[in-house]
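Step one of this worksheet: look at the structure below.
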Amino acid sequence: MKFEFSLDENETPPPSGFDLGHIAVWGSDGAATTRDRDPGGGAMVYLTVTSLLDGLRTFLSGKSRSYESTAVDSSFSLTFTRGRDGSIETRCGGALIDRSPVAGVAAAVHAAAKRFADAHLEQLPPDDAGREDLEHALADFERFMGRPR
(Lines give C-alpha, C1' and ligand atoms only; values in the text may rest on other atoms or scores of the structure.)
Protein backbone atom coordinates (compact mmCIF):
# COMPACT_ATOMS: atom_id res chain seq x y z
CA MET A 1 0.00 0.00 0.00
CA LYS A 2 1.24 3.48 -0.84
CA PHE A 3 -0.04 7.02 -0.23
CA GLU A 4 1.12 10.25 -1.83
CA PHE A 5 0.31 13.83 -0.85
CA SER A 6 1.28 16.68 -3.17
CA LEU A 7 0.71 20.39 -3.66
CA ASP A 8 -1.38 21.52 -6.63
CA GLU A 9 0.81 22.78 -9.45
CA ASN A 10 -1.37 25.90 -9.82
CA GLU A 11 -1.08 27.19 -6.23
CA THR A 12 -0.09 30.85 -6.11
CA PRO A 13 2.43 32.31 -3.63
CA PRO A 14 2.77 32.93 -0.79
CA PRO A 15 2.45 29.37 0.56
CA SER A 16 -0.16 28.75 3.22
CA GLY A 17 -1.44 25.86 5.34
CA PHE A 18 -4.68 26.22 3.38
CA ASP A 19 -3.05 25.45 0.01
CA LEU A 20 -4.73 22.97 -2.30
CA GLY A 21 -3.14 19.71 -3.27
CA HIS A 22 -3.82 16.09 -4.07
CA ILE A 23 -4.11 12.75 -2.35
CA ALA A 24 -3.41 9.44 -4.06
CA VAL A 25 -3.51 5.91 -2.70
CA TRP A 26 -2.51 2.64 -4.37
CA GLY A 27 -3.09 -0.85 -3.09
CA SER A 28 -3.14 -4.46 -4.18
CA ASP A 29 -6.76 -4.16 -5.33
CA GLY A 30 -6.99 -0.67 -6.82
CA ALA A 31 -6.14 3.01 -6.63
CA ALA A 32 -7.84 6.35 -5.98
CA THR A 33 -6.83 9.99 -6.31
CA THR A 34 -8.30 13.45 -5.96
CA ARG A 35 -7.00 14.21 -9.46
CA ASP A 36 -9.97 12.27 -10.89
CA ARG A 37 -12.47 14.65 -9.30
CA ASP A 38 -14.16 17.56 -11.10
CA PRO A 39 -13.98 20.53 -10.89
CA GLY A 40 -10.38 20.94 -9.83
CA GLY A 41 -10.40 17.94 -7.56
CA GLY A 42 -7.93 19.34 -5.06
CA ALA A 43 -8.22 19.38 -1.30
CA MET A 44 -6.66 21.55 1.39
CA VAL A 45 -3.74 19.16 1.58
CA TYR A 46 -1.98 20.27 4.79
CA LEU A 47 -5.26 20.12 6.71
CA THR A 48 -6.26 16.84 5.05
CA VAL A 49 -2.98 15.11 5.97
CA THR A 50 -3.35 16.35 9.56
CA SER A 51 -6.93 15.10 9.77
CA LEU A 52 -6.01 11.72 8.26
CA LEU A 53 -3.09 11.22 10.68
CA ASP A 54 -5.17 12.15 13.74
CA GLY A 55 -8.26 10.19 12.71
CA LEU A 56 -6.38 7.10 11.60
CA ARG A 57 -4.29 7.07 14.79
CA THR A 58 -7.46 7.17 16.89
CA PHE A 59 -9.11 4.46 14.76
CA LEU A 60 -6.12 2.10 14.65
CA SER A 61 -5.51 2.37 18.39
CA GLY A 62 -9.19 1.88 19.27
CA LYS A 63 -11.89 -0.68 18.74
CA SER A 64 -14.17 1.09 16.25
CA ARG A 65 -15.14 -1.02 13.25
CA SER A 66 -14.63 1.75 10.66
CA TYR A 67 -13.36 5.25 10.09
CA GLU A 68 -14.06 7.60 7.19
CA SER A 69 -11.57 10.32 6.34
CA THR A 70 -12.90 13.06 4.09
CA ALA A 71 -10.43 15.43 2.47
CA VAL A 72 -10.84 19.07 3.58
CA ASP A 73 -12.75 21.15 1.00
CA SER A 74 -13.30 18.09 -1.23
CA SER A 75 -15.73 15.22 -1.70
CA PHE A 76 -12.84 12.71 -1.77
CA SER A 77 -12.97 10.25 1.11
CA LEU A 78 -11.37 7.01 2.20
CA THR A 79 -13.04 4.45 4.45
CA PHE A 80 -10.96 2.18 6.66
CA THR A 81 -12.73 -0.92 8.00
CA ARG A 82 -11.38 -3.38 10.54
CA GLY A 83 -11.77 -7.02 9.48
CA ARG A 84 -12.44 -9.88 11.88
CA ASP A 85 -8.86 -11.04 11.36
CA GLY A 86 -7.54 -7.59 12.39
CA SER A 87 -6.67 -6.50 8.86
CA ILE A 88 -7.71 -3.06 7.60
CA GLU A 89 -9.64 -2.65 4.35
CA THR A 90 -9.18 0.69 2.59
CA ARG A 91 -11.95 1.77 0.22
CA CYS A 92 -12.82 4.81 -1.84
CA GLY A 93 -16.43 5.20 -2.96
CA GLY A 94 -17.05 1.56 -2.04
CA ALA A 95 -14.24 0.25 -4.26
CA LEU A 96 -11.64 -1.84 -2.47
CA ILE A 97 -8.12 -0.40 -2.72
CA ASP A 98 -6.23 -2.61 -0.29
CA ARG A 99 -6.40 -5.03 2.61
CA SER A 100 -3.38 -4.76 4.94
CA PRO A 101 -2.33 -5.32 8.54
CA VAL A 102 -2.61 -2.34 10.90
CA ALA A 103 1.15 -1.83 10.80
CA GLY A 104 1.12 -1.71 6.99
CA VAL A 105 -1.56 0.97 6.82
CA ALA A 106 0.12 3.02 9.55
CA ALA A 107 3.52 2.77 7.88
CA ALA A 108 2.15 3.73 4.44
CA VAL A 109 0.31 6.82 5.70
CA HIS A 110 3.21 7.87 7.92
CA ALA A 111 5.81 7.52 5.15
CA ALA A 112 3.77 9.66 2.75
CA ALA A 113 2.99 12.30 5.39
CA LYS A 114 6.67 12.47 6.37
CA ARG A 115 7.79 12.83 2.72
CA PHE A 116 5.22 15.61 2.21
CA ALA A 117 6.20 17.42 5.42
CA ASP A 118 9.93 17.16 4.68
CA ALA A 119 9.40 18.61 1.20
CA HIS A 120 6.93 21.39 2.02
CA LEU A 121 6.66 22.44 5.68
CA GLU A 122 9.76 24.65 5.58
CA GLN A 123 8.06 26.76 2.90
CA LEU A 124 5.35 27.79 5.37
CA PRO A 125 5.85 30.52 7.98
CA PRO A 126 6.77 29.05 11.40
CA ASP A 127 3.53 30.38 12.93
CA ASP A 128 1.24 29.04 10.17
CA ALA A 129 -1.56 27.05 11.84
CA GLY A 130 -1.52 24.42 9.08
CA ARG A 131 2.19 23.87 9.61
CA GLU A 132 1.89 23.68 13.40
CA ASP A 133 -1.04 21.25 13.25
CA LEU A 134 0.73 18.93 10.81
CA GLU A 135 3.93 18.98 12.90
CA HIS A 136 1.92 17.98 16.00
CA ALA A 137 -0.07 15.31 14.14
CA LEU A 138 3.14 13.76 12.77
CA ALA A 139 4.72 13.70 16.23
CA ASP A 140 1.60 12.10 17.74
CA PHE A 141 1.47 9.49 14.96
CA GLU A 142 5.15 8.67 15.41
CA ARG A 143 4.58 8.13 19.15
CA PHE A 144 1.61 5.88 18.28
CA MET A 145 3.74 3.84 15.88
CA GLY A 146 6.38 3.36 18.56
CA ARG A 147 3.90 1.71 20.93
CA PRO A 148 3.78 -2.08 21.03
CA ARG A 149 0.75 -3.42 19.17
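The values are calculated or read from the model by the stated rules, or taken from the named source; none is laboratory data. In this text, all values refer to a predicted model and were calculated from it rather than measured experimentally. In this analysis, Cβ positions are derived from the backbone assuming ideal geometry, glycine residues included, and neighbour counts consider all displayed protein chains. Areas reflect the complete protein model, heavy atoms only, side chains present, ligands, DNA and RNA absent. Shrake-Rupley method; radii C 1.70, N 1.55, O 1.52, S 1.80 Å.
One table, with the values for the structure above:
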{"quantity": "Karplus-derived 3J(HN,Hα), 6.51/-1.76/1.60, for each residue of the range 89-104, Hz, glycine and proline x", "calculated": "8, 10, 10, 10, x, x, 7, 5, 9, 6, 10, 9, x, 3, 4, x"}
{"quantity": "The range 1-72: trypsin sites (Lys or Arg not before Pro) in DSSP coil with no more than 16 other Cβ atoms inside 10 Å", "calculated": "ARG37, LYS63, ARG65"}
{"quantity": "Per residue accessible area in Å² of the chain, where ligands, DNA and RNA are left out and the probe is 1.4 Å", "calculated": "51"}
{"quantity": "Estimated [θ] at 222 nm from DSSP helical runs (n ≥ 4, -39500 (n - 2.57)) normalised by residues in the chain, nearest 500", "calculated": "-12500 deg cm²/dmol"}
{"quantity": "Whole-Hz ³J(HN,Hα) from phi, Karplus 6.51 cos²θ - 1.76 cosθ + 1.60, for the range 6-21, glycine and proline x", "calculated": "9, 7, 5, 5, 9, 5, 9, x, x, x, 8, x, 9, 4, 7, x"}
{"quantity": "Listed values [x] 1.24; [y] 0.92; [z] 0.96, entry calculated as Rg/Rh (Cα atoms, Kirkwood Rh)", "calculated": "[z]"}
{"quantity": "Principal-axis tilt of helix 45-61 within the chain, Cα atoms, nearest 10 degrees", "calculated": "20"}
{"quantity": "Förster-model FRET efficiency, 25 Å R0, SER75 and ARG143, C-beta, rounded to 0.05", "calculated": "0.20"}
